[in-house]
Amino acid sequence: MNIAREQREQNTSLIRVTVGEQDYGEAVEKELRTYRRKANIPGFRPGMVPMGIVKKMYGKGVLAEQSYRTASNAVFEYLQKEGIDYLGDVIPSEEQGAFDFDNGTEFEFVFEIGEAPKIELELSDKDKLTYNKIKVEQKMHDDYRANFLRRYGRLVDADEVASDEALNVKLDNGEMQVEDAYVGLVSMSEEERKPFIGKKPGDKLEVDVTTLYKTPAQRAAVLGVKEPELEKINPRFTLEIVKIRRFAEPELNEEFFKMAFPAGNVKSEAELDAYVDGEIARELRRESDFLFTLQLRDYLLRKADLKMPEAFLKRWLHTINEGKFTMEEIEKDFAQFLKMFTWNYLQKHFIAEDKLAVTKEEAESEARELARAQFAQYGMPSVPDEMLEGYVRRILDDKEQSRSIYEKLYEQKVVEDVKSKIKVTEKSVSAEDFAKLAREQ
């Protein structure tokens with residue numbers, strides 16, 4: 001066996017592996033014996049097919065497979081022995097020649113690797129970044145508190161439409177009448193609500209049901225018809241308000257606090273307000289962390305200025321996806337791929353250099369937060385511990401979700417690790433200014 005490495009374009013090498021019968025012969029014979037043992041050919045008992053027939057039927061394919069496997073294994077052993085770090089995977093080279101498996105015994109396989117660039121990053125307090133912390137504003141507090149209390153409130157009759165009430169209405173277009181339809185103003189924009197503001201039971205206004213109910217499914221359900229029948233219906237209706245129902249916040253008494261906070265951590269209105277501010281701060285912190293991570297990522301990418309083997313990576317993507325994407329499609333999204341690929345490579349550098357690790361307990365804690373958030377979305381801010389832990393186990397048993405959790409936690413570890421090496425200045429900004437920064441990023 002002979003192995004030779006040739007440097008090609010930037011950070012790309014070809015590895016030529018020449019294998020002979022002495023390298024792959026034993027593996028070929030072993031595989032053919034397996035074929036002979038399993039072969040089911042008319043006229044021969046199982047395991048008694050002559051080896052000559054087996055070789056004639058399967059020899060060429062087995063030779064191709066085993067000689068390639070021998071060469072491929074040799075490449076990985078060579079890379080490990082020489083300490084060569086590579087990106088992506090080893091792929092067959094475009095310079096690979098043809099094989100004569102009918103007559104030949106010595107074959108040259110040509111592989112291609114993308115060499116991993118060396119990372120030379122010296123970080124100090126001369127490296128400066130700003131952490132933008134979003135201020136908790138009164139409107140945020142009021143909106144969050146109102147949405148939280150809405151889960152435990154009730155609807156009461158109202159005399160006049162003021163903002164986001166629920167309406168029971170009659171619809172009439174002269175050809176069809178709907179006696180009991182529902183209109184939820186809470187799902188409308190302020191502009192869409194304007195015609196309803198100030199209206200009272202018995203008041204009428206002209207509406208277009210295609211605007212009032214956004215989807216065909218909604219319109220069909222309200223009008224009591226099938227979707228294909230909608231196009232025959234005049235969408236202009238007279239809407240008469242029958243009843244106005246307004247959300248009423250629950251009374252902040254002992255019963256409410258026991259129901260909303262069974263753990264007993266909130267027992268008064270003052271503690272409720274503190275809880276609301278804490279939850280808002282946590283959400284805003286996540287947004288600030290996310291933006292800072294993007295800014296830190298881009299800063300490190302610029303500073304490291306790694307020269308990636310771009311042409312190789314494009315060929316690698318095309319190869320591993322087995323033709324699912326054309327080179328033109330890969331080219332279109334390659335810039336974004338390269339940014340994320342390089343960032344992942346940088347993360348691995350810090351993880352190895354600074355011995356960063358994510359513990360099982362940290363992954364369970366993150367899965368628990370994810371589970372709580374998912375339950376909260378369905379109006380279940382508090383769930384029994386047994387139910388929660390069962391959901392946590394299902395999340396971590398799911399390979400995709402588990403991988404996503406570990407990747408997220410490792411990224412957080414890297415960000416905190418880098419933050420400890422550079423100078424980070426915290427700056428309070430309004431939600432509006434933060435949104436502008438996020439758009440720019």
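Values computed for the structure shown
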item: Sulfur and carbon atoms: percent of accessible area, the range 1-135 [1.4 Å]; result: 44 percent
item: Full-stretch length increase - K139, Q401 - with 0.36 nm per residue and alpha-carbon distance subtracted; result: 90.9 nm
item: 1.4 Å probe accessible area per residue over the range 310-381, in Å²; result: 63 Å²
item: Proximal charge balance of V110 [Cβ under 12 Å; K/R count +1, D/E count -1]; result: -2
item: Amide hydrogen neighbours beyond the local backbone of D203, cut-off 5 Å, H modeled; result: I241
item: Rg followed by Dmax, in Å, when the range 294-436 is reduced to its Cα trace; result: 19.4, 54
item: Span per principal axis, largest first, for the Cα atoms of the range 185-238 (Å); result: 36, 22, 14
item: Theoretical FRET efficiency, 1/(1+(r/R0)^6), r = Cβ-Cβ of Q177 and A146, R0 41 Å, to 0.05; result: 0.70
item: Cα principal axis extents for the chain, largest first, Å; result: 95, 69, 45
item: The range 30-116 - accessible surface per residue (Å², probe 1.4 Å); result: 62 Å²
item: Average Cα contact separation per residue, the chain, under 8 Å, 6 or more apart, as relative contact order %; result: 19 percent
item: Ordering of 325-335, 348-358 by burial proxy (mean other Cβ atoms within 10 Å per residue, highest first); result: 348-358, 325-335
item: Surface per residue (accessible, 1.4 Å probe) for the range 176-230, Å²; result: 62 Å²
item: Solvent-accessible area, 1.4 Å probe, carbon plus sulfur percent, for the range 273-345; result: 53 percent
item: Alpha-carbon Debye profile of the range 33-151, log10 I(q)/I(0) at 0.12, 0.13, 0.16, 0.18 Å⁻¹; result: -0.73, -0.80, -0.97, -1.03
item: Net dipole in debye of the chain [+1 Lys, Arg Cβ; -1 Asp, Glu Cβ; about Cα centre; nearest 20]; result: 900 debye
item: Cα lying deepest toward the dipole's positive end in the range 119-189, options V186, H141, I119, charges on Cβ; result: I119
item: Within the accessible area of the range 372-432 (1.4 Å probe), percent carbon and sulfur; result: 47 percent
item: 12 Å beta-carbon shell around Y275, net charge (K/R +1, D/E -1); result: -2
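The values are calculated or read from the model by the stated rules, or taken from the named source; none is laboratory data. Just so you know, these numbers come straight off a predicted model, no measurement behind them. A quick note on method: Cβ atoms are made from the backbone with ideal geometry, for glycine too, and the neighbour counts reach across all protein chains shown. SASA here: full protein model, heavy atoms, side chains in, ligands and nucleic acids out. Shrake-Rupley method; radii C 1.70, N 1.55, O 1.52, S 1.80 Å.
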